[in-house]
Amino acid sequence: MNYRSIKGTKDILPSETPLWQFVEQTIRDVFHQFNYKEIRTPIFESTALFLRSIGELTDIVGKEMYTFEDRSHDSITLRPEGTASAIRAYVQNNLGEALPLSKIYYIGPMFRQERPQAGRLRQFHQFGAEAVGSPTAETDVEIIAMTIEIYKRLGITNYSLQINSVGDEECRPRYKEILKAELLKIADKLSFESQKRIEQNPMRVLDSKDENDKTLTASMPLITDHLNEECAKHFERVKSLLTAYGIPFTVNGRLVRGLDYYTKTAFEITSSELGSQDALAGGGRYDLLVKELGGKQTPSVGFAAGMERLMMILEKKGFQPPKQSPKIFVAAADETAREWVLQTTMKLRSAGIASECDLLSRSLKSQMKEADRQQAQFSLVVGSMELESGKALLKNLTDHSQQEILLSDIVTIINT
Ligand code: HAM
């Protein structure tokens, strides 16, 4: 039997994990510096949680979720995103009682049954953060600035930030009616997908990727011209703070996100280095979600970003993470030295030094080849002669220098 990984999933191989670990650490450092604390929620949740939060009419809920009935006949879904779970956990654990503003982050796998292509997987990884409990534009901008800081730290500068305001429960329904009336006038000329959306989700029609739809809707009214005073004021403040922070952006009145929970600010970061799946990150404000999920009215804002898309750019740029090679390879020149080599390697490791020796009973020549392959910084060859004299040559495999050392001093020498 030939087993293969499931379509749309990917092994992250030992040759790739150093980059992943380096990037994850950079992300964690930035989150820490912005004072966000990690939350780890289960990978599966009740299906109802996602229906309620992401929205029944979205593509994610409509056609992308991995949903199954477990043996107790409960409907379970593998999380397609992190916000719903984070807010479920926030409400369930009364996190709002301890702090007026909870700043939380997550990194982990998400699952969506989309058509796989470059930058689009069925199991992919997101890092994201949620600031739960603040209505201020300052918080929106902190979230955006933090996302951008992560890309900057990793040397990614070729991105663009688009922002919009999607209004609130007061002005959005009014705008939707105006838009719907306009869309109905040209309904028969729109793509089938867009026609379906007019009734339930007319704003998504403005976000259509279909070229003909784009032309037809080019002069449609935009939400940014129909915001109520509060939303308009909030949006103005977000824009002026972004400018004050020196973060370039464009306003895209057509930007609607693929999740229903947003109110006011919505944003997306895209990169021209990616193909058709060019969204690096997305997020926005969601002032009604906590209440929707059974908590108190708690204004919140957050973002999430795809790890694989970030990796694609770093790999394209030839980004090299720090090496994870052993510091020393201890080789046995003959059989009598094998036990000493094993014990010394263990001693070095216990002293916190990444060390390797041969476990395959190989010749000295093969051991030295292995030391090169592993890119060890030093090698030490020990045989019966060295054991007798208590001395051996420590070779620096990087600059090819060598020095005679006392075997009893090996840990101290390597440690300095
Ligand atoms: P989202 O836009 O659905 O937002 O996903 C965020 C990012 O996840 C995307 O910009 C993309 O980089 C990555 N992504 C999404 N789907 C895939 C896929 N199939 N394969 C690879 N990468 C993918 C959210 O998930 C919201 N929870 C963001 C948020 C947090 N809003 C408020 N707080």
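Throughout, read-outs are computed from the coordinates displayed, never taken from laboratory work. All figures in this text were calculated on a predicted structure; none of them were measured in a lab. Backbone-built Cβ (ideal geometry, glycine too); neighbour counts: all protein chains shown.
Things worth noting here:
- Spin-label pair R349/R28, simplified geometry with 7 Å Cα→Cβ offset, distance in nm: 2.2 nm
- Annotation: amide H of V251 within the under-5 Å range of I163, sequence separation 5 or more or interchain, hydrogens built in the peptide plane.
- Residue order, fewest to most beta carbons within 10 Å, for R373, R28: R373, R28
- Scanning the chain for chymotrypsin sites (Phe, Trp or Tyr not before Pro) lying in DSSP loops with no more than 14 further Cβ atoms inside 10 Å, the longest uninterrupted stretch between such sites is 4-244.
- Table column - 3J(HN,Hα) (Hz), segment 300-313, Karplus curve with 6.51, -1.76, 1.60, x for Gly and Pro: 8, 8, x, 8, 9, 9, x, 6, 4, 5, 5, 4, 4, 5
- Couplings for segment 223-240, taken from phi via the Karplus curve 6.51 cos²θ - 1.76 cosθ + 1.60 with θ = phi - 60°, read 4, 4, 8, 10, 6, 6, 4, 5, 5, 5, 5, 4, 5, 4, 5, 4, 5, 6 Hz in order; Gly and Pro are left as x.
- At most 10 other Cβ within 10 Å, DSSP loop - trypsin sites (Lys or Arg not before Pro), segment 67-104: R71
- Shape category assigned to segment 328-415 from the gyration tensor of Cα positions, a/c cut at 1.5: rounded
- Sum of -39500 (n - 2.57) over DSSP H runs of 4+, divided by residues of the chain (222 nm, nearest 500): -11000 deg cm²/dmol
- Rounded FRET efficiency, nearest 0.05, which uses the C-beta distance separating E138 from D334 and R0 of 60 Å: 0.30
- Entry for segment 172-226 at q = 0.19 Å⁻¹: log10 I(q)/I(0) = -0.54, Debye formula applied to identical alpha-carbon scatterers, no solvent contribution.
- Based on the convex hull around the alpha carbon atoms, the chain presents an average projected area of 27.4 nm².
- Once both labels are positioned 7 Å from their Cα atoms along Cα-to-Cβ, the gap between L342 and D11 label points is 2.9 nm.
- Loop-located trypsin sites (Lys or Arg not before Pro) in segment 123-209 (DSSP state other than H, G, I, E, B) with a sparse environment of at most 12 neighbouring Cβ atoms within 10 Å: K209.
- Summing charges over all other residues whose Cβ lies under 12 Å from the Cβ of I414, with Lys and Arg as +1 and Asp and Glu as -1, gives +2.
- Pairwise label distance in nanometres, E230 with E388, each label 7 Å out on the Cα-Cβ vector: 9.0 nm
- Between segment 354-416 and segment 261-336, the Cα center-to-center distance that results, in Å: 40 Å
- Extension gain, L407-A218: 0.36 nm per intervening residue step, less the Cα-Cα distance, totals 60.3 nm.
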